[in-house]
Protein chains: 2
Amino acid sequence: MKEFELIKQFFSKQSVSRKDVVLGIGDDCAVLAPIENQNIVVTTDTLVAGVHFPLDTNPKAIGHKAVAVNLSDIAAMGAKPSWISLAITVPEVDEAWLEAFSEGVFELCEFYNVQLIGGDTTQGPLSITITAQGLVPKNSHLSRSGAKAGDWLYVTGNLGDAALALQNILGKAEIDPEFTDKIRSKLDYPKPRVLGGQILREYATSAIDLSDGLIADLGHICQASNVGANVVLDAIPLSTIMRNSLLTEDAINLALSGGDDYELLFTVSEDNKVGMETAMSHAAIPVTCIGQLNASQTISTTLNNKPTPINTVGFEHFSE
Amino acid sequence: MKEFELIKQFFSKQSVSRKDVVLGIGDDCAVLAPIENQNIVVTTDTLVAGVHFPLDTNPKAIGHKAVAVNLSDIAAMGAKPSWISLAITVPEVDEAWLEAFSEGVFELCEFYNVQLIGGDTTQGPLSITITAQGLVPKNSHLSRSGAKAGDWLYVTGNLGDAALALQNILGKAEIDPEFTDKIRSKLDYPKPRVLGGQILREYATSAIDLSDGLIADLGHICQASNVGANVVLDAIPLSTIMRNSLLTEDAINLALSGGDDYELLFTVSEDNKVGMETAMSHAAIPVTCIGQLNASQTISTTLNNKPTPINTVGFEHFSE
């Protein structure tokens, strides 16, 4: 089966048809006509089989996740996702696999009105690269820089569930079998905070999506904004399953170091704290204040109001 | 070495800094501010090691080619390339390899004033995916559709040299050693017809870049435009090296079926023939008329003014 036949068959079934797409899949390039007074945000993420997802992952989950991790980056800029380009390398043409994979891609695209505008299909070891684009009103995007000493540090949702699921798959953590599916879905079907990011555009001084783990991603904000931060470990939001599966210490560790959360980490000035909390609450998006920025240029952590260096709670516990 | 450190080291050395890039590499997304009254064209191409280039290919050539094949798609739309996103999967951090690869990427980017705005670096089997974007005045892009019966069929440059180089590498074709490097550079360092595409915007009724081979790509134009074509085999432009290395029949075959030419195949109405030839000549871009479109919906070929089905000149000769 030729490359383009394969593309046609599995990736031409989408129901999204945006007005700003002049020419979609099928020519040498897609042609876009973005509306005026908008900036375009662009991000690219690759998922390699065996590295970014276990080899036996459901293909629908792979499709979902490949889109989700990109939309999460767009959310962190406060932008609205609009178009994706999909490059997929597969070892063979497995129709059932491609059907399920494309279902995962399109389900999320339809939910967010994102159009697949093109891509490439090649033969080789399984890997997926998506370039996603989004729109944001001119000069109003969020970024990693912009945080100030004194700003409050927040996260959306709970942290560490995806990492717990991965530890469970690797046989390193036990979970009550009743909750295995639920926690596994946090790893396989992450929900990008697309709406949350757009709301935060009005309130946050900086934002990043949590893909590498809280401490690593907070480090990116601190570096880009030239600030430091104190994280209140007692405040880290943990799911009930997380609390029931691990000792508190281990749970906090995983929440700090595990990646794949795809929640937003962001900073808000004292003046915008209440406004932000109210707006996010109206949108039913849970947020938790987990610390405050300072001028130290380092990241410190406290537990029970006492300075508690991360390594004393066993930061490396789960790393290999 | 962490992902972002690697990106920083090798891919932050570019000298291109475009005014329409509000935020480049280093945040969750790049932020672009395209000028008004322009459409944006987007294309994605993946090169897999061992599939799209021989494993021992010079890394600089891989970097060049990964950019070139994408810019060639942008050229075929009549657009001007502007930004690329680079996703690279490498088995290990080989500094010399990455240095040479990035040199190949940046050399072409600098030549065309294209800015690298982001990407992803992952571990796995060697593969490169680039999403390239370009700008074209609103509603003036070229496409595969738009060709009409009676239009003349043209190509830029010579055909088949890259395929000859590949046959030579595979031990299936001999080339005078004096010219091996020259012909190999047609395979490794293709030159996208970026200027040619922009000139053709004023004259062509349709265009495509030659990546899959003349007959296959002509088929795409015929299908999209709902026309047929007759190709005059005697007119196919062949390099002197090609003519000296192969029997005419074999040379024509390779020019028809071999891919990787990255020349433009386009159609021009009778009225625009002279204007196009003059404009391309002023830009020192060689073009050759190789046939004419008709209403047949099939592709026919003639040799010495006689109908000559492609298979009688041994179309499959070089295929495996």
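Just so you know, all these numbers are worked out from the coordinates, no wet-lab data involved. Just so it is clear, the model here is predicted, and its values are computed rather than measured. Here the Cβ is made from the backbone with ideal geometry for all residues, glycine too, and neighbour counts use every protein chain on show.
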Note to self: I'd like to know which of B:Leu218, B:Leu55, A:Gly197 lies farthest towards the positive end of the charge dipole of the protein assembly as shown, counting +1 on Cβ of Lys and Arg and -1 on Cβ of Asp and Glu.
What the structure shows: A:Gly197
Next item on the list: Please build a GNM for chain A, connecting alpha carbons under 10 Å apart, and tell me which residue among A:His282, A:His64, A:His220 fluctuates the most.
Entry: A:His282
Check: Using unit Cβ charges (K, R positive; D, E negative) and no other charged atoms, how large, in debye to the nearest 20, is the dipole of the protein assembly as shown about its Cα centre?
Finding: 1520
Notebook entry, point to check: What is the list of residues in the stretch B:119-134 whose amide nitrogen lies under 19 Å from a point 7 angstrom out from the Cα of B:Asp56, following Cα to Cβ?
Noted result: B:126
Margin query: Tell me which of B:His282, A:Gly118, B:Ala207 sits at the most positive position along the dipole axis of the protein assembly as shown, charges placed on C-beta atoms (Lys, Arg +1; Asp, Glu -1).
Written below: B:His282
Item checked: Fewest-first sequence of A:Asp27, A:Asp94 by Cβ atoms within 10 Å of each Cβ -> A:Asp94, A:Asp27
Notebook entry, point to check: To one decimal in nm, how far is A:Val274 from the same spot in the other copies, if labels go 7 Å from Cα toward Cβ? Please give the shortest first.
Noted result: 7.9
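Which of rounded, prolate or oblate describes the stretch A:209-299 when judged by the alpha-carbon gyration tensor and an a/c cut-off of 1.5?
Values: a/c = 1.81, a/b = 1.15, b/c = 1.58.
Judged from the Cα gyration tensor, the stretch A:209-299 comes out oblate (a/c at least 1.5, b/c at or above a/b).
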Check: In what sequence do A:Phe111, A:Phe101 fall when counting other Cβ within 10 Å, fewest first?
Finding: A:Phe111, A:Phe101
Note to self: Between the stretch A:238-281 and the stretch B:91-153, what is the separation of their alpha carbon centroids in Å?
What the structure shows: 39
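I'd like the mean, over residues of A:84-92, of how many other protein chain beta carbons sit within 10 Å of each residue's own Cβ.
Values: counts 3, 8, 3, 9, 2, 8, 0, 0, 0.
The shielding value for this peptide is 4.
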Next item on the list: Calculate the mean, over all residues of peptide B:129-138, of how many other protein chain Cβ atoms lie within 10 angstrom of the residue's Cβ.
Entry: 5
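Under the rule a/c < 1.5 gives rounded, and otherwise a/b versus b/c splits prolate from oblate, where does chain B land using the Cα gyration tensor?
Numbers: a/c = 2.29, a/b = 1.35, b/c = 1.69.
Cα axes put chain B in the oblate bin.
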Notebook entry, point to check: Most exposed first by the Cβ proxy, i.e. fewest other Cβ within 10 Å, how do A:Asp161, B:Asp260, B:Asp271 rank?
Noted result: B:Asp271, B:Asp260, A:Asp161
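Would you work out the charge dipole size for chain B about its Cα centre, treating the Cβ of every Lys and Arg as +1 and the Cβ of every Asp and Glu as -1, and quote it to the nearest 20 debye? Could the numbers behind the result be given before it?
Working: 21 positive and 39 negative charges, 170 e Å.
About 820 debye.
Can you show me the helix-derived [θ] at 222 nm for the protein assembly as shown, built from DSSP H runs with n ≥ 4 at -39,500 (n - 2.57) apiece and divided by the number of residues, rounded to the nearest 500.
Values: 20 runs with 216 residues, N = 640.
Using -39500 (n - 2.57) per qualifying helix, the result is -10000 deg cm²/dmol.
When a/c is below 1.5 the answer is rounded, else prolate if a/b is larger than b/c, else oblate, so apply that to the stretch B:152-313 with a ≥ b ≥ c taken from the square roots of the Cα gyration tensor eigenvalues. Before the final figure, lay out the partial values.
Details: a/c = 1.94, a/b = 1.31, b/c = 1.48.
Judged from the Cα gyration tensor, the stretch B:152-313 comes out oblate (a/c at least 1.5, b/c at or above a/b).
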Checklist line | Spatial extent of the stretch A:204-260: Rg and Dmax, with the Cα atoms as the point set, Å | finding: 12.5, 37
Next item on the list: With 10 Å bins from zero, work out the P(r) of the protein assembly as shown over every alpha carbon pair and list the percent per bin.
Entry: 3, 16, 25, 24, 16, 9, 6, 2, 0, 0
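Place a +1 charge on the Cβ of each Lys and Arg in the stretch A:3-137 and a -1 charge on the Cβ of each Asp and Glu, then give the dipole magnitude about the Cα centre in debye, rounded to the nearest 20. Write out the running numbers ahead of the final one.
Details: 7 positive and 17 negative charges, 95 e Å.
It works out to roughly 460 debye.
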Check: Two-decimal Rg/Rh of the stretch A:3-137 from alpha-carbon positions, Kirkwood Rh?
Finding: 0.95
Margin query: Just to verify a number: FRET efficiency for A:Gln9 and B:Glu202, C-beta to C-beta distance, R0 = 22 Å, to 0.05?
Written below: 0.05
Checklist line | Cβ neighbours within 10 Å from other chains - mean over B:114-124 | finding: 5
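Express in nm, to one decimal, how much length is gained between B:Thr302 and B:Ile169 on full extension, taking 0.36 nm for each residue of separation and deducting their alpha carbon distance. Working shown, then result.
Working: separation 133, 0.36 × 133 = 47.88 nm, distance 3.08 nm.
So the extension gain works out to 44.8 nm.
Based on the Cβ-Cβ distance of B:Ser140 and A:Lys138, what FRET efficiency does E = 1/(1 + (r/R0)^6) give at R0 = 22 Å, to the nearest 0.05?
Working: r = 24 Å, r/R0 = 1.11.
The calculated FRET efficiency here is 0.35.
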Check: In straight Cα distance, which aspartates and glutamates are under 19 Å from B:Lys138, not counting same-chain residues fewer than 8 positions off?
Finding: A:Asp20, A:Asp27, A:Asp28, A:Glu36, B:Asp20, B:Glu36, B:Asp73, B:Glu202
Check: Which of the lysines could a cross-linker span from B:Lys182 if the Cα-Cα distance has to be under 26 Å and same-chain partners fewer than 8 positions apart are dropped?
Finding: B:Lys60, B:Lys65, B:Lys172, B:Lys191
Note to self: Based on Cα coordinates alone, diagonalise the gyration tensor for the stretch B:45-104, multiply each eigenvalue by 5, take square roots, and list the semi-axes in whole Å, largest first.
What the structure shows: 23, 13, 10
